[in-house]
Amino acid sequence: MSRYMSSRFDHLEEYVPGEQPRDMQYVKLNTNESPFPPSKEVLKALSPEEASRLNLYPDPTAKGLKERLAKRYGFEAENIFVSNGSDDILNFAFMAFCDDSCGVTYPKISYGFYEVYAALYSLDAREVPLKEDFSIDISDYFNVGRTVVIANPNAPTGLLLSKEDIRKILDSNRDNVVLIDEAYIDFGGESCVELVHEYDNLLVVRTFSKSRCLAGARLGFAIAQKGLISDLEKIKFSTNPYNINRLSLLAGEAAIDSDSYYTERAKDIISAREYTVAELKKRNFTMTDSYANFIFAKHEDVSGNDLYLELKARGVLVRHFSKAEIADYNRITIGTKEQMTALINAVDDILEKKGCAK
Ligand code: PMP
């Protein structure tokens, strides 16, 4: 930190993204990306002709993309906000809906960026422990008098709350925003997006990075009643009006136009997840019941960190978190069936070398 940096950031610990080592070709199961390329319609939309227009600013209203998303999810364009990845939306939401008089609450074990944004804006943050089985006790979020942020499915556990559970949280927090981060909802969960019609305090945040195979394009969207959306627009137009580049806008539009491709890819992920869960259970792993494109697993005889290092040495990258409550576990992104077979083979080798019974 230089001597010029504002001291208000002294306490800030930045988010650490999953590692992207370049020393060898890894089976990369550590950042919850899709293993599949975008649809052919998306690839076609990213034409040299469109690239040649990069001298021009993109549409700051993102009209075409918003209209498509509105149609796809049964809303109007005014109910849609789009941004440079859903991280950007989370950032705007923390800026817009939290302050000195309104703190924030979220599960203690959840997406690591929530605590970073809370620190960035010096918020009074209440981090609520999960239950012993890693599930969320919804009553912890009743009448909290602060902004509620919950990832559903949660990360890194993959556990899902039902739409009715979310309704209960909304009912008891009518004077506060409830942000439901549905980054992983397309892998078997039920979205709460329909509740937007009933609740003006619900903000549903989604991403193109996971089920829509566009992590590299940086595209996220949110659905809410017009009031919350116009608040986010105000923040966006006060920070970076051109927050989505021309090519990403086109990629997003073409992705919505080729929705069936992504539905099929999500099914592929779900079936690779079922395969992986079954194989790991045979090898004495325990796992949470994940509804996401990752699983959260531990072995009874091999520590979380050890397994992470041994897998890495065999060219398989998974994500290990050092927080004490989850240090026994690894978060393993679900890739293709071939990638998951490579994981299982590496696990077999590790267990054999360690003399663990299969
Ligand atoms: N929410 C959750 C729960 C996540 O795990 C992630 C990223 N891994 C994001 C939001 C951000 O995704 P993106 O910025 O790529 O849309």
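The values are calculated or read from the model by the stated rules, or taken from the named source; none is laboratory data. Fair warning: this is a prediction, and the values are worked out from it, not measured in the lab. Backbone-built Cβ (ideal geometry, glycine too); neighbour counts: all protein chains shown. Each accessible area value is taken on the protein alone, full model and side chains, heavy atoms only, with ligands, DNA and RNA left out. Shrake-Rupley method; radii C 1.70, N 1.55, O 1.52, S 1.80 Å.
A few points about this structure:
- Local electrostatic count, Lys44, Cβ distance below 13 Å [Lys/Arg +1, Asp/Glu -1]: -4
- Contour excess over end-to-end distance, with Cα ends at Asp23 and Glu325 and 0.36 nm allotted per residue: 105.6 nm
- Phe97 sits with roughly 30 Å² accessible to a 1.4 Å probe, with DNA, RNA and ligands left out of the calculation.
- Per-residue extension of 0.36 nm, minus the Cα-Cα distance of Asp175 and Thr286, leaves a gain of 36.0 nm for this segment.
- Among the listed pairs Lys66/Lys226; Lys168/Lys267; Lys131/Lys267, those beyond 23 Å (Cα-Cα): Lys168/Lys267; Lys131/Lys267
- Contact order relative to length of the chain, as percent, for alpha carbon pairs under 8 angstrom and 6 or more apart: 23
- Take the Cα of Tyr121, step 7 Å toward its Cβ, do the same at Glu198, and the gap between the two points is 2.7 nm.
- Sites Arg72 and Leu12 - FRET efficiency at Förster radius 35 Å, r taken between beta-carbons, to 0.05: 0.40
- FRET efficiency estimate (nearest 0.05) - Cβ-Cβ, Ser230 to Tyr57, R0 22 angstrom: 0.50
- Computed over neighbours whose Cβ is under 9 Å from that of Val318, the net charge equals +3, Lys and Arg +1, Asp and Glu -1.
- Segment 161-291, relative contact order in percent, only Cα pairs under 8 angstrom and at least six apart counted: 22
- Mean residue ellipticity (222 nm) of the chain, computed from DSSP H runs ≥ 4 via -39,500 (n - 2.57), nearest 500: -10500 deg cm²/dmol
- Rounded to whole Hz, the Karplus (6.51, -1.76, 1.60) HN-Hα couplings of segment 141-157, x for glycine and proline: 10, 7, 6, 8, x, 8, 5, 9, 10, 9, 8, 9, x, 6, 10, x, 7
- Ordering of 9-16, 308-315 by packing is 308-315, 9-16, highest average first (other Cβ atoms within 10 Å, averaged per residue).
- Globularity index of the chain, i.e. its alpha-carbon radius of gyration over 2.2 N^0.38 Å: 1.01
- Farthest towards the positive end of the charge dipole of the chain, among the residues Ile344, Thr239, Ser135, is the Cα of Ile344, using unit charges on the Cβ of Lys, Arg, Asp and Glu.
- Taken over segment 1-62, the alpha-carbon convex hull comes to 262 cubic angstrom per residue.
- Folded to 0 to 90 degrees: helix 259-282 orientation relative to the chain principal axis, Cα: 30
- Relative contact order [Cα under 8 Å, 6+ residues apart], segment 258-302, whole percent: 29
- Building the convex hull from the alpha-carbon atoms of segment 107-203 and averaging its projection over directions returns 5.9 nm².
- Taking the longest Cα principal axis of the chain as reference, the axis of helix 63-73 is set at about 60 degrees.
- For segment 184-231, taking the reciprocal of the average inverse distance between every pair of different Cα atoms yields a Kirkwood hydrodynamic radius of 11.7 Å.
- One equal scatterer on each Cα of segment 206-303, no solvent, Debye formula: the resulting log10 I(q)/I(0) at q = 0.10, 0.19, 0.23 Å⁻¹ is -0.46, -0.97, -1.17.
- Between Ile334 and Phe294, Ile295, the built amide H atoms are under 5 Å apart, and every one of these is 5 or more places off in sequence or on another chain.
- Å³ per residue enclosed by the Cα convex hull of segment 68-144: 139
- Separation of alpha-carbon centers, segment 99-173 and segment 315-343, rounded to whole Å: 24
- Each label point was placed 7 Å from the Cα along the Cα-to-Cβ direction; for Lys44 and Asp259 their separation is 1.9 nm.
- Calculated Rg and Dmax of segment 53-105 using C-alpha coordinates, Å: 14.5, 45
- With K and R counted +1 and D and E -1, the other residues having a Cβ less than 14 Å from that of Val277 yield a net charge of +4.
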